[in-house]
Amino acid sequence: HSASVSPTATLRVQFATRAHSPTGSVIETSTQSAPATAVPTSLAMAAASEDCTYTIPPGDTQALKDSLAQASTADEPTIICLSADSIYTFRESRYPLGSISALSSVDGQDITIQGNHATLERAGGTGAFRLLNVSKGSTVNLVNIVIRGGEATWGGAIQTQGTMTLTNSTLTEK
């Protein structure tokens, strides 16, 4: 089952701004539209066959944190390959005293995370934090991955000011 995007398609994304009201309800939502970019399935499959800069063992969130931290200082494009069908569960932000992201911020690098149908998730019952922050001037490609349960005061699983491409990937609240 695959979906295609026409060159003139528009991607509509709904953002929810959550206020910390006594009931915890969503106070305001807005919908933004942006041009969608089609990524040929052959390109997504080609990424799977490329050499990995880092290969992450099943469920090893610390190895993923460390590899992304190293990739965030690299001058060359980096490919991080997750183990097929694995689940990587984060229980806290990278720096519990002040950071709101489980993984290092990507700041000016070109990074591909080849998910191999793996899942990155925030553990239930934990404080609010997003999973990934992409700064301006960065390029991040998420391929064949599920991102689940990120939550932050402003935004959700991913905050991006850079270029982000999702290929055969899913973002889900739970």
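Structure values in brief
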| item | result |
| --- | --- |
| Amide H contacts of A102 (H built 1.01 Å from N, under 5 Å, at least 5 apart or other chain) | R94, R130, L131, L132 |
| Solvent exposure of region 57-130 as accessible area per residue, Å², 1.4 Å probe | 46 |
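The values are calculated or read from the model by the stated rules, or taken from the named source; none is laboratory data. Given the structure is predicted, the values throughout are model-derived calculations rather than measurements. SASA here: full protein model, heavy atoms, side chains in, ligands and nucleic acids out. Shrake-Rupley method; radii C 1.70, N 1.55, O 1.52, S 1.80 Å.
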